[in-house]
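Participant: This is the structure I want to talk about, given as structure tokens.
The values are calculated or read from the model by the stated rules, or taken from the named source; none is laboratory data. Predicted model, so just to flag it, every value in this text is computed and none were measured. Note that each Cβ is placed from the backbone with ideal geometry, even for glycine, and that neighbours are counted across all protein chains shown.
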Amino acid sequence: MKTIFHLDLDAFFVSVERVLDPSLNGKPVIVGGDPHGRGVVTACSYEARKYGLHSAMPIRKAYKLCPHGIYVHGSHGEYSRFSKAVKSILEQYAPMMEQASIDEFYMDFSGCAKIYGSLFIFASKIQKEIMNKVSLPCSIGIASNKTVAKIASDCMKPEGITYVIPGMEKYFLAPMPVETIPGVGKVMHKALNEKGIYLIGDITKLPEDYFGAAFGKYGIDLWHKACGEGKDYIAPPQLRKSVSKERTYGQDVTSREKIEETLFKLTGQVCQILRDKNWQTSTISIKLRYSDFTTITRAKTIKATDDDKTIFDTAVQLFRNNYKRRVSVRLIGIHLTKFSEFSEQEFLFDEEEIRRRKMLRAVTKLRDKFGYSVVQFGRTGKVNNTFVNPFHPET
Ligand SMILES: [Mg+2]
């Protein structure tokens, strides 16, 4: 039996706006832009909801219902900054976490009761820490699966904690309206009501087959959800699909050395991103655009690595093999894909390698702290008009 937490930040966008401008506290706040425009409400405060406002409502309609509300455009960069801050607080506690949206997190705390004590006390500790550190309110639902935990977190908003005792899921859901089940939209809601099914408990009074016959696979899933079943698998964080950097020259370039030098700098930058994420890449591509806009990309797959040297060697080889035309170059870029998570063991093959790895890790830390340019490798510049590959100074 698992112990899943669903943490949902309360009126997230509005709460962030209030941290940025405390004069909005206690007032009906609507995020969504111009109240006379054609947009919709992105989010609104609990005070605004009292006037019948809700998200996705046309903003003009909202304005009619609540003309004295405060309408703000929304600061999306700030929202993701706050979301990341919450995530990093949660990462300290949760061995397994899945971010479901900008303001929702699933965490698996199965078997952690021994470490963290009472689930209620632990949940309120998390709530308090988020409030103290980033001033955001949240609600937490605790249950044996994700679906029930999500419904639970919504039960006592704002700043609620709801724990559904294992085995009680079905009884917890029974008195709730059918549209409480995630995935039941307007159409399904209406279809169920037409059959005289209003509450989740009405679903479970009927046999599974009834829903199979009426709605196919979706109906069967619905019946199981109504019984309090749900997925309890926490998906590991998704790896980004690619990391790339490119440089467009102000003036087209013909010097191979200059292009290789750019490629070297770009490699340093993409490798830094890679190591920040603790990833390795196995496919390295270069992009080369000539002044006549002909563009080629060439890729090579190698053993997974996050080492500047290996990646640069591969990239520069691709460049040398493919820069054939006597036309100047407008753009050069490097692109890394096929990521895997870094695992320390794979690299313990020789002393030299270990030493290099330690050095690169130290560089990553320094750059994270003081900025990318604080450490520059070897002879990045030109020496006697020739670009020197600092990994192979002899070449
Ligand atoms: Mg929320």
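Participant: Quick one: would you say residue 63 is touching a residue at least 24 places away in the same chain (Cβ under 8 Å), under 19 Å from residue 43 (Cβ atoms), more than 16 Å from the ligand (Cβ to nearest atom) and surrounded by 13 or more Cβ atoms within 10 Å (Cβ to Cβ)? Quick ask: steps written out before the conclusion?
Facilitator: On the way: touching a residue at least 24 places away in the same chain (Cβ under 8 Å): yes; under 19 Å from residue 43 (Cβ atoms): yes; more than 16 Å from the ligand (Cβ to nearest atom): yes; surrounded by 13 or more Cβ atoms within 10 Å (Cβ to Cβ): yes.
Taking the combined requirement at face value, the residue satisfies it.
Participant: On the phi < 0 side of the Ramachandran plot, of a type in the set (A, V, I, L, M, F, W, C) and within 12 Å of the ligand (Cβ to nearest atom), is that true of residue 130?
Facilitator: Numbers: on the phi < 0 side of the Ramachandran plot: yes; of a type in the set (A, V, I, L, M, F, W, C): yes; within 12 Å of the ligand (Cβ to nearest atom): no.
For residue 130, the condition - on the phi < 0 side of the Ramachandran plot, of a type in the set (A, V, I, L, M, F, W, C) and within 12 Å of the ligand (Cβ to nearest atom) - is not met.
Participant: Sort out which residues of the stretch 1-33 are under 19 Å from the mean Cα position of the chain (by Cα) and assigned to a helix (DSSP H, G or I), and write them in order of number.
Facilitator: Selection gives 12, 13, 16.
Participant: In the stretch 256-283, which residues are among the hydrophobic types (A, V, I, L, M, F, W, C), within 29 Å of residue 365 (Cβ to Cβ) and in contact with a Phe, Trp or Tyr (Cβ under 9 Å, 6 or more places away or on another chain)? If you could, list the steps in order and put the result at the bottom.
Facilitator: Keep residues of the stretch 256-283 that are among the hydrophobic types (A, V, I, L, M, F, W, C), which gives 259, 263-264, 266, 270-271, 273-274, 279.
If we keep only those that are within 29 Å of residue 365 (Cβ to Cβ) too, we end up with 263-264, 266, 270-271, 273-274, 279.
If the condition is that a residue be among the hydrophobic types (A, V, I, L, M, F, W, C), within 29 Å of residue 365 (Cβ to Cβ) and in contact with a Phe, Trp or Tyr (Cβ under 9 Å, 6 or more places away or on another chain), then 263, 264, 271, 273, 274, 279 are the ones that fit.
Participant: Sticking with this structure for a sec: Residues being acidic (Asp, Glu) and not in a helix (DSSP H, G or I): count how many of those fall in the stretch 61-98. Spell out how you get there, then give the answer.
Facilitator: Of the stretch 61-98, the ones acidic (Asp, Glu) are 78, 91, 98.
If we keep only those that are not in a helix (DSSP H, G or I) as well, we get 98.
Number of matching residues: 1.
Participant: Sticking with this structure for a sec: Tell me the residue from 377, 293, 347, 370 that is surrounded by fewer than 14 Cβ atoms within 10 Å (Cβ to Cβ), modelled with pLDDT under 70 and among the hydrophobic types (A, V, I, L, M, F, W, C), please.
Facilitator: Numbers: 377 fails: surrounded by fewer than 14 Cβ atoms within 10 Å (Cβ to Cβ); 293 fails: modelled with pLDDT under 70; 347 fails: surrounded by fewer than 14 Cβ atoms within 10 Å (Cβ to Cβ).
When all the criteria are applied, what remains is 370.
Participant: Could I ask something else about it? Based on this model, can you work out whether residue 110 counts as closer than 18 Å to residue 20 by Cα and surrounded by fewer than 21 Cβ atoms within 10 Å (Cβ to Cβ)? Walk me through how you get there before you give the answer.
Facilitator: Details: closer than 18 Å to residue 20 by Cα: no; surrounded by fewer than 21 Cβ atoms within 10 Å (Cβ to Cβ): yes.
So residue 110 does not fit the description; no.
Participant: Sticking with this one: What number of residues within the stretch 99-127 satisfy the criterion of being more than 16 Å from the ligand (Cβ to nearest atom) and part of a strand (DSSP E or B)?
Facilitator: Number satisfying all stated conditions: 1.
Participant: Right, here's the next one. Of all residues in the stretch 105-118, how many are modelled with pLDDT of 90 or more and touching a helix residue (DSSP H, G or I) at 6+ places or on another chain (Cβ under 8 Å)?
Facilitator: Within the stretch 105-118, residues that are modelled with pLDDT of 90 or more and touching a helix residue (DSSP H, G or I) at 6+ places or on another chain (Cβ under 8 Å) number 4.
Participant: Tally time: how many residues in the stretch 311-328 are within 36 Å of the chain's Cα centre (by Cα) and surrounded by 18 or more Cβ atoms within 10 Å (Cβ to Cβ)?
Facilitator: Keep residues of the stretch 311-328 that are within 36 Å of the chain's Cα centre (by Cα), which gives 311-319.
Within this subset, residues satisfying the condition of being surrounded by 18 or more Cβ atoms within 10 Å (Cβ to Cβ) are 311-312, 314-316, 318-319.
Final tally of qualifying residues: 7.
Participant: Still on this structure, please answer the following. Which of the residues spanning the stretch 1-27 are away from the ligand (no atom under 16 Å from the Cβ) and without any contact (Cβ under 8 Å) to a residue 40 or more places away in the chain? Write out each step before concluding.
Facilitator: If we filter the stretch 1-27 for residues that are away from the ligand (no atom under 16 Å from the Cβ), which is where we start, we get 1-4, 20-27.
Within the stretch 1-27, 21, 22, 23, 25, 26 qualify.
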